[in-house]
1. Of GLU202, GLU228, GLU150, which residue is buried (at least 24 other Cβ atoms within 10 Å of the Cβ), acidic (Asp, Glu) and more than 21 Å from ARG282 (Cβ to Cβ)?
2. Looking for something basic (Lys, Arg) and within 18 Å of the chain's Cα centre (by Cα) - is there at least one such residue anywhere in the stretch 255-276?
3. Which helices (runs of 4 or more DSSP H) sit wholly inside the stretch 148-264 and have at least 2 residues that are of a type outside the set (A, V, I, L, M, F, W, C) and assigned by TED's automatic domain parsing to the domain that holds PRO132?
4. Report the residue count in the stretch 58-89 for those that are in a strand (DSSP E or B), of a type outside the set (Phe, Trp, Tyr) and closer than 25 Å to SER309 by Cβ.
5. The conditions are (1) of a type in the set (A, V, I, L, M); (2) touching a residue at least 60 places away in the same chain (Cβ under 8 Å); (3) farther than 21 Å from LEU117 by Cα, and VAL194 fails exactly one of them. Which is it?
6. Looking only at residues in the stretch 17-70 that are basic (Lys, Arg) and in contact with a strand residue (DSSP E or B) (Cβ under 6 Å, 6 or more places away or on another chain), which one is surrounded by the most Cβ atoms within 10 Å (Cβ to Cβ)?
7. How many residues are under 17 Å from ALA276 (Cβ atoms), among the hydrophobic types (A, V, I, L, M, F, W, C) and not in a loop (DSSP other than H, G, I, E, B) if we restrict to the stretch 112-137?
8. Could you check, for the stretch 31-53, whether at least one of its residues is part of a helix (DSSP H, G or I) and either acidic (Asp, Glu) or on the phi < 0 side of the Ramachandran plot (or both)?
Amino acid sequence: MKQLPSFDSDDINRHAPMGAAIDALRDCFAARPTHIPRTPLTASGGEFMLMPAVDGDVAGIKLLMIQPKNIDRGRPVIQGTYVLFDADAGEPVALFDGAALTNLRTPAISAVATDGLARTDVTTLGIIGSGPQAIAHVDAMLCVRPGITEIVVSSRTEANAQVVADLIAADAGRFGNRAVNVGDYAAAAACDLVCTATRATEPMITASMVRPGTHINAVGAYRADMRELSTDLVAASTVVVDEIHAAHEEAGDLVLAIADGGWAWDRLAGDLADVAGGVLERSSDGEITFFKSSGLAVEDLVIARIVASALNLL
């Protein structure tokens, strides 16, 4: 087999900047892509995931390891590799840092949902979480809601939140001269636009913390036994998912709300294809909208394709 070109985080972000990633993913979902379920396996206290996808003349698979024990080791929790294939030629064309693809496509998907569902006049952004997704979501939200003037960062510890806040404040070239503050979960949840990206198994924000008109993106709880939002907040929201079958299997915020007796699948407003296609929009300024992302393999394929196409590998 020939030596394949390999692309790290810097390469991916250079050839697939956030704005381009958002546009490509919006187009992909507007065409209603085929969902291929991922295969999760337990390995040494962590999770090993196989995520294949096909889109026209390209195919790819992400091999991802999520190892929570790496938090104490000072190593990345999420690591992996992505292999992109030219399906027509029947051959692999490139390798990608799998975690870097995840760190780009996840906030870009949140941005697609936000652009279609959030109020256009939002000025405050709440970020809950202090991992790679925290800063990436700030980048993505500013792409679609540049009128944001204040960012509130919250995490399990004030120290972790402060690290993220300092990084945002120090990079005026990327994030502008916006006010950046550290607060508790309630302070972040009181913002016009809220993004949660944690490994929580118990709700961090409830309906009483959220104001009418808020839009929420929840991307962290990726298993059916994990949740970031309370049942009463789910029940008070117009709920949209990236893909219904994936949500049934993996969207803990919704699965556990059903188990509590406070929500049901027939209350689901729609999916990301409905939003991207302009079928589903915010109905009023006071409506609370909630996008629950499970993370789909086709999202990685879209980003890998942007990079490969820019370098004439396809």
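1. Exactly one of GLU202, GLU228, GLU150 is buried (at least 24 other Cβ atoms within 10 Å of the Cβ), acidic (Asp, Glu) and more than 21 Å from ARG282 (Cβ to Cβ), namely GLU228.
2. No, there is no match, as no residue in the stretch 255-276 is basic (Lys, Arg) and within 18 Å of the chain's Cα centre (by Cα).
3. 158-170, 172-175, 231-235, 244-250, 252-259
4. The initial filter retains those residues of the stretch 58-89 that are in a strand (DSSP E or B), namely 58-66, 78-86.
Okay, now just the ones that are also of a type outside the set (Phe, Trp, Tyr), so 58-66, 78-81, 83-84, 86.
Remaining after also requiring closer than 25 Å to SER309 by Cβ: 58-64, 80-81, 83-84, 86.
Selection size over the stretch 58-89: 12.
5. So the condition that VAL194 fails would be (3).
6. So, considering only residues that are basic (Lys, Arg) and in contact with a strand residue (DSSP E or B) (Cβ under 6 Å, 6 or more places away or on another chain), the one surrounded by the most Cβ atoms within 10 Å (Cβ to Cβ) is LYS62.
7. Selection size over the stretch 112-137: 3.
8. For the stretch 31-53, residues part of a helix (DSSP H, G or I) and either acidic (Asp, Glu) or on the phi < 0 side of the Ramachandran plot (or both): absent.
The values are calculated or read from the model by the stated rules, or taken from the named source; none is laboratory data. All of these numbers come straight from a predicted model, not from anything done at the bench. Please note: Cβ atoms are built from the backbone with ideal geometry, for glycine as well, and neighbour counts cover all protein chains shown.
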